[in-house]
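This report concerns only the one structure given below.
The values are calculated or read from the model by the stated rules, or taken from the named source; none is laboratory data. From a predicted model like this one, the values you see are computed outputs, not experimental measurements. Positions of Cβ are generated from backbone atoms using ideal geometry, with glycine treated the same way; all protein chains shown enter the neighbour counts.
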Amino acid sequence: MTRGKFITLEGIEGAGKSTATKFVCAWLQERAVVVRLTREPGGTPLAERVRQIVLERGTETLSPVTETLLMFAARALHVQSVILPALTRGEWVVCDRFTDATWAYQGSGRGVDAGLLGTLAAAVHGGLEPDCTLLFDLPAATGLARARARSGSGADRFEAETVAFFEKVRAGYLARARAEPRRFRVLDAAAPLADVERAIGSALKGLLSQEVTA
Ligand code: Z5A
């Protein structure tokens with residue numbers, strides 16, 4: 001059995017990932033690919049509970065390191081019980097965020113030490129990296145305006161952050177994309193949806209043809 005492909009979608013708040021995941025899954029299913037759609041933080045019942053903890057605006061402050069540990073705790077559950085089993089069965093896993101989000105948000109955004117992030121990533125999913133990462137790139141002000149128009153006053157802990165914070169996160173993502181150009185496909189997420197979907201289709205075509213020629 002050939003291992004499935006692991007596709008991740010990344011970007012700042014309001015970049016359009018959730019909208020795009022539906023398009024990605026439909027595009028693959030039309031070509032007879034068995035797809036498992038999932039997300040981070042979350043993807044298992046326990047990891048979804050961790051998600052609630054990191055998103056809610058509670059009375060207790062989460063330090064950047066605590067936030068990082070919670071992201072990796074959720075990821076450890078998710079990798080072991082959802083992602084690896086699905087890939088081994090030959091399914092393609094489409095995941096709304098993965099470890100690049102931790103590098104961008106906790107690393108570039110919050111200033112968590114890169115050595116710690118590398119150690120945790122190796123311990124939690126050493127040997128597993130996405131085959132393709134679609135990075136939805138757009139100015140932070142545009143993404144935040146979209147997200148806030150949708151959420152109204154119910155903003156979560158991240159939606160409540162400043163434009164300056166999200167610009168740091170965006171810069172972190174772009175630096176990762178520059179460092180790994182073969183894995184990343186950077187998409188102009190400020191473009192009209194039809195253009196974004198065309199660019200996604202072109203990235204997926206490339207991935208599917210690798211599968212056929214492998
Ligand atoms: N987080 C972290 O810090 N560290 C980690 O390791 C991980 C996550 C894994 C998860 O919250 C938070 O966890 C996340 C980072 C942090 N917070 N932030 N920021 P989430 O999943 O609730 O938040 P999100 O991932 O940012 O989702 P989102 O706000 O729903 O954004 P989105 O999925 O990218 O956008 P969308 O919902 O598809 O689109 C937003 C709106 O824009 C919507 O009304 C669309 O109809 C519209 N849209 C989409 N595309 C377009 C185009 N092309 N043109 C115009 N309008 C568009």
*In the stretch 119-140, which residues are of a type outside the set (Val, Ile, Thr) and loosely packed, with under 13 Cβ neighbours inside 10 Å?*
122, 123, 126, 127
*Do the conditions hold for residue 46, that is, is it surrounded by fewer than 17 Cβ atoms within 10 Å (Cβ to Cβ) and within 12 Å of the ligand (Cβ to nearest atom)?*
no
*Mind listing just one residue for me: the one in the stretch 141-169 that is assigned to a helix (DSSP H, G or I) and more than 10 Å from the ligand (Cβ to nearest atom) and, of those, surrounded by the fewest Cβ atoms within 10 Å (Cβ to Cβ)?*
164
*Which residue pairs have Cβ atoms closer than 7 Å, lie 6 or more positions apart in sequence or on different chains, and pair a first residue in the stretch 92-120 that is charged (D, E, K, R) with a second residue that is modelled with pLDDT under 95?*
96/18
*Just one of the numbered conditions (1) buried (at least 19 other Cβ atoms within 10 Å of the Cβ); (2) within 20 Å of residue 172 (Cα to Cα) is not true of residue 28; which one?*
(2)
*Unmet requirement for residue 53, which otherwise passes all of (1) within 18 Å of residue 102 (Cα to Cα); (2) in contact (Cβ under 8 Å) with a residue 24 or more places away in the chain*: (2)
*Which one of these does residue 105 not meet: (1) touching a Cys at 6+ places or on another chain (Cβ under 8 Å); (2) buried (at least 20 other Cβ atoms within 10 Å of the Cβ)?*
(1)
*Residues in the stretch 170-195 that are out of contact with any strand residue (DSSP E or B) (no Cβ under 6 Å at 6 or more places or on another chain) and either part of a helix (DSSP H, G or I) or under 15 Å from residue 136 (Cβ atoms) (or both): how many?*
15
_Could you check the stretch 7-25 and list, in sequence order, the residues that are of a type in the set (A, V, I, L, M, F, W, C) and more than 7 Å from the ligand (Cβ to nearest atom)?_
7, 9, 23, 24, 25
*When the residues of the stretch 160-187 are filtered to those that are under 16 Å from the mean Cα position of the chain (by Cα) and of a type in the set (D, E, K, R), which remaining residue is nearest to residue 61 (Cα to Cα)?*
170
*Quick one: would you say residue 189 is of a type in the set (A, V, I, L, M) and touching an Asp or Glu at 6+ places or on another chain (Cβ under 7 Å)?*
yes
*Output the qualifying pairs, or none if there are none: Cβ atoms under 8 angstrom, residues six or more apart or on different chains, first residue in the stretch 65-86 and within 11 Å of the ligand (Cβ to nearest atom), second residue among the charged types (D, E, K, R) and assigned to a helix (DSSP H, G or I).*
74/51
*Positions within the stretch 1-25 being hydrophobic (A, V, I, L, M, F, W, C), within 16 Å of residue 196 (Cα to Cα) and either within 13 Å of the chain's Cα centre (by Cα) or buried (at least 22 other Cβ atoms within 10 Å of the Cβ) (or both), in sequence order*: 9, 12, 15, 20, 24
*modelled with pLDDT of 95 or more and among the aliphatic types (A, V, I, L, M), is that true of residue 144?*
no
